[in-house]
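The values are calculated or read from the model by the stated rules, or taken from the named source; none is laboratory data. Owing to the predicted nature of the structure, the values given are computational and were not obtained by experimental measurement. Quick reminder, even Gly has a Cβ in these numbers, built from the backbone with ideal geometry, and neighbours come from all protein chains shown. The accessibility values were calculated without ligands, DNA or RNA, using every heavy atom of the protein model including side chains. Shrake-Rupley method; radii C 1.70, N 1.55, O 1.52, S 1.80 Å.
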Amino acid sequence: MKDHILEKLKQYGQFHIIEHLKSLTEEEHKSFLNTLTTLDMDLVFNLFNQYKREKKGQDVLNILPAKVITLPVTDKEKIYRERARQIGERLLRENRVAVLIVAGGQGTRLGFEGPKGTFPISPIKGKSFFQLFSEQIKALSKKYSARIPLIIMTSEENDNETRSFFKENHFFSLKEDEVLFFKQGMLPSLTLSGELVLKGRYELATNPDGHGGSLKAIYESGILKRLISNGFTELFYCQVDNPLVKIADPVFLGYHSLEGAEVSTKVVRRRSIDEKVGVYVSVNGKDAIIEYSDMDKKYMEAVDEKGDIVYWAGNTAIHVFSLYFIERLNNHGFVLPYHRAKKKLEIKTDGNANETDVLKFETFVFDAIPFAKKACAVEVIREEEFSPVKNREGIDSPETAHKDMCMMFKRWLESAGAKVKPDINVEISPLFALECTDFVKKFNATNMVIEQDIYLGE
Ligand code: UTP
């Protein structure tokens, strides 16, 4: 085994690592080699060489705007939406829906110590993302008398902390055996000239293999099989950093089912031609999402004669996957394309911390969409459903998420008849109401004037 690894290091010219190994104690040496055996060296160096030669080939692709179920305007569209809700509610009642939250990312831009899901995000109570999602699942389970397993993808870097967080918080009153965790794969990060990076004395810099890793890892963990054999058929998928996400939204589940889709995506209208959001399009006749950094400018900036963005559908990273689709992909040994990203990495050597640029390779979950026999895209209102927390400050930060949450809950209060003073914080727990219509039924606020911060809990 040891010889095999040394051979690989030689083959890929990683002599600085071979030299470094010589300076380690026997114990350190063993531990270092153990880590190396878990990493796919061939894959990462092949990717590096391939990317050196890469040329973008979008000009040969036939890219068009995709068909999207837009917000209902006509009676027919409104009736279709109502039907979707009923079908989605039935799926929930029949215990056919599980929820996957991908939470294995490094959260570099947010720069928070600890898993992103544990970040205190709600505007008044400072509840974590994980608590908000768990409360939604508890409320949905009650509303539909349903069993809804919560599945969380972690990575080697944050698995222990994530599990402990749930344990310490008594799984936020969910049944412990209905909260499942699995780990995604890791890959070595490389310097810009293709060298492995030492992060400490016997640690290599690595990165999780992207949210696309979820489709393989959920299968390899055995969780997918277990879900299918317990009668589940759909997987609601979302990212850990969007506090407005409507977990297992029945309307979305219903559209997915009515359209006979294997994968569905919620989209919002892009704010501007340079918003950093993936774009839902049709490529050579198949639905697909192209990441903003990979999309040619001529498509990214295309506007029509009225000035409207032509490729308007922005990806929210909220999906439904049919479980059989994920199983079929795995049974056929699918491979998602790898994308390369440049990241800043802090390296501590001899007590000094240095920042350096590294390359990481990862797969994106939406690259599975073109493999589907049928895909579906549904437009939703950004202000109601999409406020991702990516950065420490400025755009897509905790500050913008607080604002968006408060604004949404304010609208709920106003729908219930209240007058709400500007600049106050409002937080409504999912355990009080899951959506505006539920809220209005429960909370009559006619003639009420709200002048102070208000929290409504269970
Ligand atoms: P992002 O690509 O925004 O990355 O992930 P991030 O880790 O949150 O932040 P940066 O880029 O390091 O600043 C979007 C979602 O996908 C998950 C993240 O946890 C987040 O929910 N993700 C990302 C994974 O689960 N695994 C990965 O390998 C990458």
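Within segment 267-281, the only residue that satisfies the criterion of being buried (at least 16 other Cβ atoms within 10 Å of the Cβ) and among the small types (Gly, Ala, Ser) is Gly278.
Is at least one residue of segment 418-433 in contact with a His (Cβ under 8 Å, 6 or more places away or on another chain), farther than 30 Å from Asn62 by Cβ and at pLDDT 95 or above? Yes, some residue in segment 418-433 is in contact with a His (Cβ under 8 Å, 6 or more places away or on another chain), farther than 30 Å from Asn62 by Cβ and at pLDDT 95 or above. Pairing each residue of segment 377-388 that is farther than 16 Å from Ile69 by Cβ with any residue that is open to solvent by less than 30 Å² (accessible area, probe 1.4 Å) and of a type in the set (S, T, N, Q), provided the two are 6+ apart or on different chains, yields C-beta distances under 6 Å for Phe386/Thr316; Pro388/Asn242. On the stretch given as segment 272-290, residues that are of a type in the set (Lys, Arg) and touching a residue at least 40 places away in the same chain (Cβ under 8 Å) total 1. Only residues that are modelled with pLDDT of 85 or more, in a loop (DSSP other than H, G, I, E, B) and under 25 Å from Ala288 (Cα atoms) were counted in segment 29-63, giving 1. Taking segment 171-196, which residues are within 16 Å of the ligand (Cβ to nearest atom) and open to solvent by 10 Å² or more (accessible area, probe 1.4 Å)? Passing the criteria: Leu180, Phe181, Lys183, Gln184, Gly185, Met186.
Residue selection: Val281 fails the criterion of being closer than 30 Å to Ala146 by Cα, of a type outside the set (D, E, K, R) and outside any loop (DSSP other than H, G, I, E, B). Can you say whether Lys276 is closer than 21 Å to Glu385 by Cβ, under 22 Å from the mean Cα position of the chain (by Cα) and within 15 Å of the ligand (Cβ to nearest atom), as far as the supplied structure shows? Yes; evaluated as a whole, the condition is true for this residue. Of all the numbered requirements in (1) assigned to a strand (DSSP E or B); (2) within 16 Å of the ligand (Cβ to nearest atom); (3) open to solvent by 70 Å² or more (accessible area, probe 1.4 Å), Arg109 misses one, and that requirement is (1). When restricted to residues that are open to solvent by less than 50 Å² (accessible area, probe 1.4 Å) and away from the ligand (no atom under 16 Å from the Cβ), segment 348-368 contains 0. Considered as a group, the residues in segment 219-242 that are within 16 Å of the ligand (Cβ to nearest atom) and out of contact with any strand residue (DSSP E or B) (no Cβ under 6 Å at 6 or more places or on another chain) include one that is most open to solvent (accessible area, probe 1.4 Å), and that residue is Glu220.
Every condition in (1) outside any loop (DSSP other than H, G, I, E, B); (2) touching a strand residue (DSSP E or B) at 6+ places or on another chain (Cβ under 8 Å) is met by Glu399 except one, and the failing one is (2). A residue that is within 16 Å of the ligand (Cβ to nearest atom), closer than 29 Å to Val389 by Cα and either in contact (Cβ under 8 Å) with a residue 12 or more places away in the chain or part of a loop (DSSP other than H, G, I, E, B) (or both) can be found somewhere in segment 81-99. Sub-7 Å Cβ pairs linking a first residue in segment 5-28 that is at pLDDT 90 or above to a second residue that is acidic (Asp, Glu) and surrounded by 11 or more Cβ atoms within 10 Å (Cβ to Cβ), at least 6 apart or interchain, are Gln14/Glu195; His16/Glu195, ordered by first then second residue. Any residue at all in segment 145-163 that is open to solvent by less than 60 Å² (accessible area, probe 1.4 Å), part of a helix (DSSP H, G or I) and either under 18 Å from Asn207 (Cα atoms) or away from the ligand (no atom under 13 Å from the Cβ) (or both)? Yes, segment 145-163 contains a residue that is open to solvent by less than 60 Å² (accessible area, probe 1.4 Å), part of a helix (DSSP H, G or I) and either under 18 Å from Asn207 (Cα atoms) or away from the ligand (no atom under 13 Å from the Cβ) (or both). One residue alone among Lys373, Lys441 is modelled with pLDDT of 95 or more, away from the ligand (no atom under 16 Å from the Cβ), closer than 24 Å to Glu291 by Cβ and out of contact with any strand residue (DSSP E or B) (no Cβ under 8 Å at 6 or more places or on another chain), and that residue is Lys373. Consider segment 408-458 and keep the residues that are over 18 Å from Ser141 (Cα atoms) and among the acidic types (Asp, Glu). The one that is most open to solvent (accessible area, probe 1.4 Å) is Asp423. Please verify whether segment 404-426 includes one or more residues that are among the small types (Gly, Ala, Ser) and within 19 Å of Lys125 (Cα to Cα). Among the residues of segment 404-426, not one is among the small types (Gly, Ala, Ser) and within 19 Å of Lys125 (Cα to Cα), which makes the answer no.
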